[in-house]
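Visitor: Structure below; questions to follow.
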């Protein structure tokens, strides 16, 4: 069976990688391709080109009275929210036929609003992202020039944030991945092959965020960093006593990257988003529908790798500028921007790539050159190095 | 009371969405919550003034009630006088 045509938007990822290679002179970044980074999870897991169920299986496109919504039910507790979503205690959380029937009676915009309020990752095929790919507040003081290797503190989990930190590592930074010892990065167990590729060569520090002294140690470590990558909701960090804006104002040159589903303006600050639903919110499934007449997902959670690449580029550019800043990156905004760039470059070719993708439904993803997986640190392996060094500084 | 209903505190800014519920009175700051805020707010009971946190989910001991805070306030949540506690954050998916 022949494999699928190129993953849509992989050309846009190539352009971002090329810009990053030029900016940093990194041979390792130059050697990467968008096709590999957008397709490696699918290749590692033998995914097939998705239709209405995402390649990874966690998200599905469903009909409403007036359009389509993408609903992720990937977390163990998401289904327990379905009775509240439909306002009916008799909803059977695990009956997918019933779910489809109930959704078909709702209006897309209303159910998406309600779902987001409940904390579900849900998107409307016809929506426009509420914010841009990146919003910057450049209120940090200038960096103090230093000959040492830049230090990246990676507080993120899953795909986009860890990929961004990994790319910064390839560009020459030292990367320390921080995990909460009671809420680890679930990808370590869930998808070890992808975890290894995204987190290879990072040091690993495990912290119990419920303990004040360990939170203090984390903040002390952050104060030594050049770049922080995190994907927490701002309120969660603030509730832990970590104030990103204040740290950016106080620590010279600190570049703080917040990866979000939909930005932090207004209500969106509380919305959840994962790779597939954010791709839909960014307009990718609408473009696929326009080009092919079919409803489906394009690529595999491509908002994740696209955002990882874009966030790394923005962080490196900001570092080159030499002043601290907080960069709030929106996954749906990144997809919309990549789509707009491809449309601008060659609208006909974009439509053709989406049409080809839709025609390949059910076939294996394109083969990609798999990257080797290097050393992966055990959870908390480097606590002594990074936390003790901190207590003495 | 059905899941998905929104309730407002009679004593502070707190608003919750009901995820799950059973028999009992949902209270905030020591006073029953309702569909609308009263014209004149009730007084916040000092025994129920721990406050609510945005986005946190609150549960009773046997898991009958679960409330999602959609607007924070000064009162704390209870069912028929028994305080609710914060539920741990949702585990992330194995991969997204």
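No value in this document is a laboratory result; all are computed from the given coordinates. Treat the numbers as computed from the prediction; the structure is a model and nothing was measured. Here Cβ is always computed from backbone atoms with ideal geometry, including for glycine, and neighbour counts include all displayed protein chains.
Visitor: Equivalent-ellipsoid semi-axes (√(5λ), Cα gyration tensor) for segment A:261-333, whole Å, largest first? Write down the numbers at each step before the final one.
Guide: On the way: eigenvalues 149, 44, 16 Å².
Calculated on Cα positions only, the semi-axes equal 27, 15, 9 Å.
Visitor: Can you compute log10 of I(q)/I(0) for segment A:210-282 with the Debye formula, treating each Cα as one identical point scatterer, at q = 0.16, 0.27 Å⁻¹?
Guide: The computed values of log10 I(q)/I(0) come out as -0.65, -1.26.
Visitor: Compute from the Cα atoms of segment A:28-70 the Rg and the Dmax, the latter being the longest Cα-Cα distance, and quote both in angstrom.
Guide: 14.7, 49
Visitor: Any idea what angle helix A:108-118 forms with the longest principal axis of chain A, computed on alpha-carbon atoms, 0 to 90 degrees, nearest 10?
Guide: For A:108-118 against chain A, the angle is about 40 degrees.
Visitor: Kindly express, to the nearest 10 degrees and within the range 0 to 90, the angle between helix A:160-170's C-alpha long axis and the longest C-alpha principal axis of chain A.
Guide: Computed tilt is about 40 degrees.
Visitor: Helix A:34-44: angle to the longest alpha-carbon principal axis of chain A, degrees 0 to 90, nearest 10?
Guide: 70 degrees
Visitor: Which residues in segment A:168-208 have a backbone N closer than 12 Å to a point placed 7 Å from the Cα of residue A:146 along the Cα-to-Cβ line?
Guide: It comes to A:174, nothing else.
Visitor: Order these by the 10 Å Cβ neighbour count, fewest first: A:47, B:65.
Guide: A:47, B:65
Visitor: Related question: Translational diffusion coefficient of segment A:252-393 at 25 °C, 0.890 mPa s, Stokes-Einstein with Kirkwood Rh over Cα pairs, in µm²/s as a whole number. Could you put the intermediate results ahead of the total?
Guide: On the way: Rh = 17.9 Å.
The calculation lands on 137 µm²/s.
Visitor: Another one. With chain A treated as a Gaussian network of Cα nodes joined by springs under 10 Å, which of A:59, A:278, A:302 yields the largest mean-square fluctuation?
Guide: Comparing A:59, A:278, A:302 in the GNM, the peak value goes to A:59.
Visitor: What three numbers, in Å, describe the spread of the alpha carbons of segment A:99-232 along their principal axes, ordered from the longest?
Guide: 61, 36, 32
Visitor: Calculate the translational D of chain A in whole µm² s⁻¹ from Stokes-Einstein, where the hydrodynamic radius comes from the Kirkwood formula applied to all Cα pairs, the temperature is 10 °C and the viscosity 1.306 mPa s.
Guide: Values: Rh = 21.3 Å.
Value of D from the Cα-based Kirkwood radius: 74 µm²/s.
Visitor: So in chain A, what percent of DSSP beta bridges are antiparallel if you round to the nearest 5? List each step's numbers first, then the result.
Guide: On the way: 18 of 40 bridges.
Roughly 45 percent of the DSSP beta bridges within chain A come out antiparallel.
Visitor: Calculated from DSSP H runs of 4 or more alone, at -39500 (n - 2.57) each and per residue, what is the 222 nm mean residue ellipticity of the protein assembly as shown, nearest 500?
Guide: Working: 16 runs with 166 residues, N = 489.
The helix contribution divided over the protein assembly as shown gives -10000 deg cm²/dmol.
Visitor: Ok, one more. Could you give me the percent of Cα pairs per 10 Å distance bin for segment A:308-349, shortest bin first, beginning at zero and ending with the bin that holds the maximum distance?
Guide: Distribution as computed: 26, 41, 27, 7, 0 percent.
Visitor: Let me ask another. At a Förster radius of 56 Å, what calculated FRET efficiency corresponds to the Cβ-Cβ distance of residue A:28 and residue B:71, to the nearest 0.05? Provide the component values of the computation, followed by the final result.
Guide: Values: r = 47 Å, r/R0 = 0.84.
Rounded to the nearest 0.05, the efficiency is 0.75.
Visitor: Please order A:271, A:357 by the number of other Cβ within 10 Å, starting at the fewest.
Guide: Details: A:271 27, A:357 24.
If I rank by nearby Cβ atoms, fewest first, I get A:357, A:271.
Visitor: Does chain B come out rounded, prolate or oblate by the C-alpha gyration tensor, with a ≥ b ≥ c the root eigenvalues, rounded set by a/c under 1.5 and, if not, prolate when a/b is larger than b/c and oblate if not? Numbers along the way, then the final one.
Guide: Values: a/c = 1.75, a/b = 1.67, b/c = 1.04.
The shape class here is prolate.
Visitor: Still on this structure: So what's the projected area for segment A:1-156, the Cα convex hull averaged over all directions, in nm²? Could you put the intermediate results ahead of the total?
Guide: Working: hull surface 56.2 nm².
Reported value for the Cα convex hull: 14.0 nm².
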